[in-house]
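Student: Take this structure, written in structure tokens, and hold onto it; I'll ask about it next.
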Amino acid sequence: QLQLVESGGGLVQAGGSLRLSCAASGSIVRIRVMGWYRQAPEEQRELVATITSGGTTNYRDSVKGRFTISRDHAKNTVYLQMNSLQPDDTAVYFCYADATTIPTLVSNNYWGQGAQVAVSS
């Protein structure tokens, strides 16, 4: 099993910055991909950014140039630096991991509990 614990959400004015962190713990064999999704009220969950174990990143178009995802392999932690935040970025942000754990040795998807990000205009 794997647990994801997020931190760093909050309320910020438009144009401001926030940094989300997500630490993975448990009987981890390998984490292939870590990332962030978000879900606004009455909207579907959408991909924000992902990063592979090799460092390849992927961003949704609307956050390119403003958000940066990074990963600390030693700490099994992923970060999302969010700059130039806009009201449309308001959502609950969920950490995600595609990982293999003991004892199943099967790849599964794991989700954090969510961190609220609110951007005021």
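The values are calculated or read from the model by the stated rules, or taken from the named source; none is laboratory data. Predicted model, so just to flag it, every value in this text is computed and none were measured. Here the Cβ positions follow ideal geometry from the backbone for every residue, glycine too, while neighbour counts run over all protein chains shown. With ligands, DNA and RNA removed, areas are computed over all heavy atoms of the protein, side chains included. Shrake-Rupley method; radii C 1.70, N 1.55, O 1.52, S 1.80 Å.
Student: For the range 62-67, in order, what is each residue's ³J(HN,Hα) by Karplus, 6.51 cos²θ - 1.76 cosθ + 1.60 with θ = phi - 60°, in whole Hz (x at glycine and Pro)?
Tutor: 5, 10, 4, x, 10, 10
Student: Round to the nearest 0.05 the FRET efficiency obtained for Q113 and S84 when R0 = 30 Å and r is the Cβ-Cβ distance.
Tutor: 0.70
Student: What does the charge add up to near A14, with Lys and Arg as +1, Asp and Glu as -1, over the other residues with Cβ less than 15 Å from its Cβ?
Tutor: Around A14, the surrounding residues sum to -1.
Student: From the phi of every residue in the range 78-91, what ³J(HN,Hα) in whole Hz does the Karplus formula 6.51 cos²θ - 1.76 cosθ + 1.60 yield, where θ is phi - 60° and glycine or proline is x?
Tutor: Using θ = phi - 60°, the values come out as 10, 10, 9, 8, 10, 10, 6, 5, 10, x, 5, 7, 4, 4 Hz.
Student: Please label the shape of the range 67-106 as rounded, prolate or oblate, based on the square roots a ≥ b ≥ c of the eigenvalues of the alpha-carbon gyration tensor (a/c under 1.5 means rounded; beyond that, a/b larger than b/c means prolate, else oblate).
Tutor: Verdict is oblate for the range 67-106.
Student: Express in whole angstrom the spacing between the alpha-carbon centres of the range 1-64 and the range 85-110.
Tutor: Their Cα centres are 7 Å away from one another.
Student: What is the range 58-121's relative contact order, in percent, from Cα pairs under 8 angstrom and six or more apart in sequence?
Tutor: Relative CO of the range 58-121 lands at 28 percent.
Student: Heavy-atom accessible area per residue, the chain, 1.4 Å probe: how many Å²?
Tutor: That works out to 52 Å² for each residue.
Student: With an 8 Å cut-off on Cα pairs and a minimum separation of 6 or more residues, tell me the relative contact order of the chain in percent.
Tutor: That works out to 37 percent.
Student: Once the Cβ-Cβ distance between E42 and A14 is put in as r, and R0 is 22 Å, what FRET efficiency do you end up with, to the nearest 0.05?
Tutor: 0.55
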